[in-house]
1. Taking the alpha-carbon distance from K316 and a cut-off under 15 Å, which aspartates and glutamates remain once sequence neighbours fewer than 8 residues away in the same chain are dropped?
2. Between D340 and S446, how many nm apart are label points set 7 Å from Cα along the C-beta direction?
3. Please report the projected area of region 388-460's Cα convex hull averaged over all directions, in nm².
4. Give the relative contact order (percent, whole number) for region 308-452; include only Cα pairs under 8 Å separated by 6+ residues.
5. Measure up K247/K370; K102/K273; K309/K345; K97/K163; K273/K434 against 26 Å on the Cα-Cα distance and list the ones that go over.
6. Binning at 10 angstrom from zero up to the longest distance, how are the C-alpha pair distances of region 308-452 distributed in percent?
Amino acid sequence: MNMQRRLRHLKRMCGSSFVLAMACCLVFTQSVAAISPDQKRTLDSGVYYFNYDASSSVCGSTAAGGAGGIKTPAASSWNSGAQPPYYMEQYIIEVLKDVATKKNIPVERAVTQEHVVAMVAWAYAEGGNLTNTGAFNLWNSGLTSRPDLVDGATSASGVQAYKSFDAGVEANAIVMTGSNQNRIGTIITTADSTAEQVLHEIAYYDETPGNLAWAWGPNPNDAGAVLQFNHNDYINSLLGDLNTTRKDYAHQASVQIGPGERETHYVDATTLKFNGGSSTASGGLGNSSGTNCATGGSVNCASAVGDSKILCEARKYEGIYYLYAGGHQGYSAFIAGCPDPTGAKDTSAAGNQGPCATDCSGLVSVAVDKAFGLNYMWVVHTTMNGAGGEFWQSIPIAQAQGGDIVTTPEHVEIVDHVSGDSIVTFGSHHTGTKTGIVTSSLNNWSGGAWRWTGPGSSGN
C-alpha cells in the first residue's frame, strides 16, 4: 500500500468526532458552486473523503424520500452460504451475484474476471476492512437506512462495520443499485466491460445524471477542485491499484476479511477462481500482445519516415515516470531541460520524475515537435486542442497505424499497431506509472483515432 493511501486511511480512522462532522452536514451538488463553512471546517479537520449512500440522511433530510434517494425493503437480505475464513475474492463474487439478482440479470454477466479484478483494485484503493475497523465493508459504503445490517452505529461517512459477511454483501449491493450509485450496478452487470471501464464509471459519477461521487477530497480552499479530484486523483489512485492487482492478484484477492483482519491473513491461492489478467512491465492497462516494448510491433525506427517518426520519438521516453503537465512548457523550453532523454529512465522515480517526464498529451506534443522540427503544444479533450490542432484528422480506428493517436475525453496515446479487436499503444499513462507500451480494446478509445497531416506528415 502506498504512503498516500495509508495517510488517507489514517485520516479515516482519526476518531468519532471526524465521523460526526462528516455525517452532520456535507452538501455536494453537481454544479459545485461553493464549499460551505461546514464543509470547510470538516475538510480542515483532516477528513478528505466522503462516501455517498443512495439512501442516507444528509443535513437532517432523509434522502430516501427525495428525488435522489431510494426506498429499500427492510426484509431484503442475502444468503451466500459462505463459511469462514472469509476472503476478498469470495466476498466480491457474492456482491456481483447480489447486484445481478437485484437487477434481474443473469449472474454470469456480472461475475467475470474483469469485474472481479476491478472490484479488488477498488477495495485496495478504498481500504475498507483492510486499513480500518469497517469489517465486511471493503469500499466504505455509508448505508444508513438499514441499521439491521450495521454492527454498531450507522455512519454516512462510510467508516462502519457490517454484522456479517452476508450483511456486508447485501449492504453494498443495495448502494450499488441505488439511484445515487446505479452507474456502478450497471457497469458491473455489463458482461464485456473491462476493469478499466468499471473504474472509469466509479470515478466519473457525473457522466450519469443523478449520480453522486463515491469519494472526494478537494483542496478546501478551491471549490473547483472537487471535480478535478474525482476525475484525476481518484481515477489515478484506482488505476494504480489496478496495475498492482493485475500483477499480484493471487496475493491481493486471497486476503482474509472480517473483524480484526488488517491484511494479516490469507487463504491458499489455489482457492481463487480468477487471476489478474494481463499486465505490462510499464505498469499500464494490460498487455497480452507480447510486443517488445523497446522495438514495438509496427515501426522500424531505423528507417521510419512521415507519421511513424512520431512513435519513434516518443519511444525515447520509455521507462520515465508520468508527470502531470510535463511537456506543456513548449518544446524549446522542454528540450532545454531535457536535451537527451537517453538514460533519463535510470534516474526517474515516482516521486521525482525528472526533467524529461511528461503527461499523456505532453508526450505527443514533444514527439511531434522533435520529429518534424515544430513547436506545438496540445492538451487533449477528445481532440487535440491548441495551435496546429486542425492538422489532426479523424480516421477509422481499425485503420490506425504507427504514429497515429487514439483518445478519450481526457487521455491520449500513440498507436503502435492494431491487432484484431485490440490496439497496442505507447504513452504516458497516469501518475505512478512509467511511459511504455500497453494493449487495450479498440472500444476503450471513445474519442477515436487521429492522424497527423501537418508539416512532415506522410501525406506531405
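1. Here the aspartates and glutamates satisfying the reach criterion relative to K316 are D340, D346, D359, D369, E413, D416.
2. In this crude label model, D340 to S446 measures out at 4.3 nm.
3. Working: hull surface 20.3 nm².
Averaged projected area of region 388-460's Cα convex hull equals 5.1 nm².
4. Working: 338 pairs, mean separation 40.5, N = 145.
So the answer I get is 28 percent.
5. On the way: K247/K370 34 Å; K102/K273 23 Å; K309/K345 21 Å; K97/K163 19 Å; K273/K434 30 Å.
Check vs 26 Å cut-off fails for K247/K370; K273/K434.
6. For region 308-452, the binned pair fractions read 13, 47, 33, 7, 0 percent.
No value in this document is a laboratory result; all are computed from the given coordinates. From a predicted model like this one, the values you see are computed outputs, not experimental measurements. Positions of Cβ are generated from backbone atoms using ideal geometry, with glycine treated the same way; all protein chains shown enter the neighbour counts.
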